[in-house]
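Shown next, in structure tokens, is the structure this report addresses.
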Amino acid sequence: MALVAAAFVLAGCRTAPTRTVGHMQDWQSEELASVPAAPSALPLAAPVTNAPLAPAPTNHFSGTWVPMARWCKTASLPEPACLATTPLPTYALRTTNGTFIFRVGSQVAHWAGIELRLGFAPQWIDRQPYLHALDLRKTVQPLLAGEPLSCSNSKPVLVLDPGHGGEDAGAKSTLGRDWEKQFTLDWARRVQTLLATNGWQVFLTRDNDRDLALSNRVAFAQQHQADLFLSLHFNSAGTDAAQAGLETYCLTPAGLPSSITRGYGDDLALAFPNNAFDAQNLQLAFRLHRTLLQVNGHRDRGVRRARFMGVLRPQQRPAILIEGGYLSNRREARLISDPAYRQKLAEAVARGLGIPL
Ligand SMILES: [Zn+2]
């Protein structure tokens, strides 16, 4: 990343600085370590108008920077329209499957109104926006293709994984009584009931309060020859009571930095079995993230990518992990503790999987 950033300083553009937070150990601090600073903290240098057109530089994973105008022509799409030049140059690419909004210098982008994280902040070279080739291939192209639920099985097999269990209780509700492991199990059971009456075969990695290693959850999905795998969780921001919203995760494609590393090495060169499903993972994540946002009041913390999630890496099927809200936030904790709300979350998952409810 540093090498790439240096290349663009020469072209008159500053890339997003990465903040490093060393003294906090909670979820949020790790997130700050891998997410660019807020746009207001990112003064973008005025573009150098006579800067030479940079030859699309090559990064150390053989990805290249691609001018969006040229890419759009190849893809038979209109050129992205410039929506704003300050505080960051912002572009909208209109497609038949939703509008892609991206900002130069920011990894945060939107597709059809849903937040996503690019691996690399788009760059501005000779007054043109450039995207990294891997972001185009691994994010833009799958979303451009739509969100098909690729499953040839007439009775699709879904393995649902209620997060935590037994000694591992997960996050504690700020209301003081309950734990994440109870709510994830209840959510999974509700999804199971809805899908089972609609022709799906649904298996839960645990159907009671017991410890279960991540590797056993993966092995369970393999044993049942699952077509899809969903791991269900609720979130915590420790003492940050204000943080709230929905996050949906899939495995980071090889060559891209993760949205969040949580202390994991995040070696960009690593490829895992689940990387064979990069496109389907993202499409599945988008489908479910969208229907869940309709339930949670559109508190959107984005579709994200991570490598540290051992329950996703070895999966030989599309697999995602959903963080359905913050138990450390009083409003969301109250909602999550309400069975009627958990039923809505379950219905949202079912709708995301194509069940008309
Ligand atoms: Zn969890």
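Name the residues whose placed amide hydrogens come within less than 5 Å of the amide hydrogen of Ser231, ignoring near sequence neighbours (fewer than 5 apart) on the same chain. Amide H neighbours of Ser231: Asp161, Ile320, Leu321, Ile322. Computed on segment 232-328, the Cα convex hull volume stands at 90 Å³ per residue. Rounded to 0.05, the FRET efficiency of the Ser154 and Arg127 pair, given R0 = 56 Å and the Cβ-Cβ distance, is 0.60. The length gained by stretching the chain between Ala112 and Arg330 to full extension, at 0.36 nm per residue less their Cα-Cα distance, is 75.6 nm. Fraction of C-alpha pairs exceeding 19 angstrom in segment 185-273: 58 percent, rounded to a whole number. If you wrap the tightest convex hull around every Cα atom of segment 137-296 and split its volume per residue, you get 148 Å³. Computed extension length for His298-Cys82: 75.2 nm, one decimal, from 0.36 nm per residue of separation with the Cα-Cα distance subtracted. A simple spin-label model places pseudo-atoms 7 Å from Cα toward Cβ; at Gln222 and Ser337 they are separated by 4.0 nm.
Calculated FRET efficiency, Thr64 and Arg177, Cβ-Cβ r, R0 56 Å, to nearest 0.05? Spell out each step's value before the answer.
On the way: r = 53 Å, r/R0 = 0.95.
The computed FRET efficiency comes out at 0.55.
Dividing the convex hull volume of the alpha-carbon atoms in segment 297-357 by its residue count gives 121 Å³ per residue. Shown here for segment 133-198: trypsin sites (Lys or Arg not before Pro) in loop regions (DSSP other than H, G, I, E, B) with at most 13 other Cβ atoms within 10 Å, namely Arg177. Extending 7 Å from the Cα toward the beta-carbon at both Ala242 and Tyr264 defines two label points whose distance is 2.9 nm. Distance between the C-alpha centres of segment 253-326 and segment 80-153: 17 Å, rounded to the whole angstrom.
Values in this text are rule-based calculations from the coordinates and carry no lab data. None of the values given here were measured: they were computed from a predicted structure. Virtual Cβ from ideal backbone geometry, glycine too; neighbours counted across all protein chains shown.
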